[in-house]
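A quick write-up on the structure given underneath.
The values are calculated or read from the model by the stated rules, or taken from the named source; none is laboratory data. Everything quoted here is computed from the prediction, not taken from an experiment. Using ideal geometry, Cβ is built from the backbone for each residue, glycine included, and neighbour counts are taken over all protein chains shown. With ligands, DNA and RNA removed, areas are computed over all heavy atoms of the protein, side chains included. Shrake-Rupley method; radii C 1.70, N 1.55, O 1.52, S 1.80 Å.
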Amino acid sequence: MKKNMSKKILAAILSVVMISSLTGCKKTLPEDEEVFTGSGAATVDEMTPEKGAKLVFWTSNKEYGEAVAKAFEAKYDVPVTVAQEGMGTVDKIALSGPSGEGADVFITGHDNFQKGLSSGVFMELEDAIVDNVNSKVSESGTKTVMKDGKMYGIPISIEVNCLFYNKDLVQTPATTLEEIMEGAKAFNDPANNKFNFLCTIGDGYYEFPFVAAQGFELFGPNGDDGDNPGFDTDEYEKGLELIAALHETMPISSTDLNNKSSLKANFIDGNVAYYITGPWDVTQIKESGVNFGITTLPTYQGNQLKPFAGVQCAFVSTFTKYPIAAELLANFLISDEGASILYTESNGITTLSNIDNVEGLSEDPYLPAFVKQFEYSVPMPSVSRISYFWSIAADIDRAVFDGQLTPADARKKAIENWKALLATE
């Protein structure tokens, strides 16, 4: 087994050093700190919480957290106190953890992974937990919590874009972008605001599937090379060529296509056959009464279009006094029961690849499409310079779409803009 507590102590020391350098306060670890050498269990079912264990769980949705706490206590007889914490969770753990006042388990976005790892607040998970996570969650999820072959968290819920379609206009949804682009030639009627396909232009989050359609890898294959966004590659230029080609399919300006509310309203009004958006719009579109369905993004030239994925992950604090109980709580969140609670309490979508036994979600007419799409997605890079990409994409993609820059010139301009932003650091 791994010597988890040895790693835990080292991480805690690093975190304390970091905090002291910021605050000028000296903090020391308790002299009676015990060494945790792992539960000794080969499987999660063999793990037993520490005697007298009690946990604190931080999540942004208190109703969800309290439902989880109730179910977990019924299963393991471990009381869980829930607190609602959203932004800045990693910083709060780093500050409150050493004094024993922070959470044992907390949820935060995967974009905070690098920050939490460097500050030493994430406990490395032991083998029994890792094996269970790997058996249930696809690589799209697990890679968001992995570093050097070690797992430091559990992916819990997802957000990813899918293809919405109007069932009154589309009998069988297209599986290729070429089919959609060809259909636009006959369907489009710009004078009456009718379009076969609409998606946002001017927002790198929405445009990424097209820019990456020919193999472009933003910040490298793992999304963690903050020094090289990959703009100076043929794959990026080919992605921009697709952005340019989409203008014929959506013959309006990028300014209009950057108005997300207008695009959604047009789809709700029944004027649009296909529309790309995420789970955050499902409720409003459903309540509008439009007859719609949701499916995965199509292929382009045989390649599956892959959108960015946002992942909420559960982490065990390196400062927890009850590491076994805490790991079991984090793991409970991806049980069928935990995933059912996520759906019923927050309309959340689990990372589980198999949702057959997730109550509510498995019968939902819309959300399972996002589960399937997650298998074909790219975790949004968590590097700090992702903000540079948003800025560059907004300018470059609009210029290419509107015909103001050729893809080749846009490639050069993206590199220039990147270097200019680096010079401001």
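Within segment 111-129, the set of residues being under 19 Å from ALA42 (Cα atoms) and open to solvent by 20 Å² or more (accessible area, probe 1.4 Å) comprises just one member, ASP127.
On the stretch given as segment 208-222, residues that are among the small types (Gly, Ala, Ser), farther than 12 Å from GLN301 by Cα and crowded, with 18+ Cβ neighbours inside 10 Å total 1. Note on segment 372-425: residues that are of a type outside the set (S, T, N, Q), assigned to a loop (DSSP other than H, G, I, E, B), touching a strand residue (DSSP E or B) at 6+ places or on another chain (Cβ under 7 Å) and crowded, with 22+ Cβ neighbours inside 10 Å total 1.
Look at LEU263 and say whether it is in contact with an Asp or Glu (Cβ under 8 Å, 6 or more places away or on another chain), crowded, with 19+ Cβ neighbours inside 10 Å and in a helix (DSSP H, G or I). Write out each step before concluding.
On the way: in contact with an Asp or Glu (Cβ under 8 Å, 6 or more places away or on another chain): no; crowded, with 19+ Cβ neighbours inside 10 Å: yes; in a helix (DSSP H, G or I): yes.
Considered against the rule, which asks whether it is in contact with an Asp or Glu (Cβ under 8 Å, 6 or more places away or on another chain), crowded, with 19+ Cβ neighbours inside 10 Å and in a helix (DSSP H, G or I), LEU263 comes out as no.
Checked against (1) within 23 Å of GLU375 (Cα to Cα); (2) open to solvent by less than 60 Å² (accessible area, probe 1.4 Å); (3) within 23 Å of the chain's Cα centre (by Cα), PHE292 meets all criteria but (3).
Every condition in (1) outside any helix (DSSP H, G or I); (2) open to solvent by 30 Å² or more (accessible area, probe 1.4 Å) is met by LYS143 except one, and the failing one is (1). In the set (1) out of contact with any Phe, Trp or Tyr (no Cβ under 6 Å at 6 or more places or on another chain); (2) within 28 Å of ALA393 (Cβ to Cβ); (3) at pLDDT below 95; (4) open to solvent by 40 Å² or more (accessible area, probe 1.4 Å), the condition left unmet by GLY202 is number (4).
Among the residues of segment 354-371, the ones that are surrounded by fewer than 16 Cβ atoms within 10 Å (Cβ to Cβ) and either polar (S, T, N, Q) or outside any loop (DSSP other than H, G, I, E, B) (or both) come to 2 in all. Selection of segment 97-134 for residues being over 19 Å from the mean Cα position of the chain (by Cα), over 20 Å from ALA53 (Cβ atoms) and of a type in the set (S, T, N, Q) yields SER118, SER119. Among the residues of segment 65-78, those that are of a type outside the set (D, E, K, R), open to solvent by 10 Å² or more (accessible area, probe 1.4 Å) and more than 14 Å from ALA326 (Cβ to Cβ) comprise ALA67, ALA71, ALA74.
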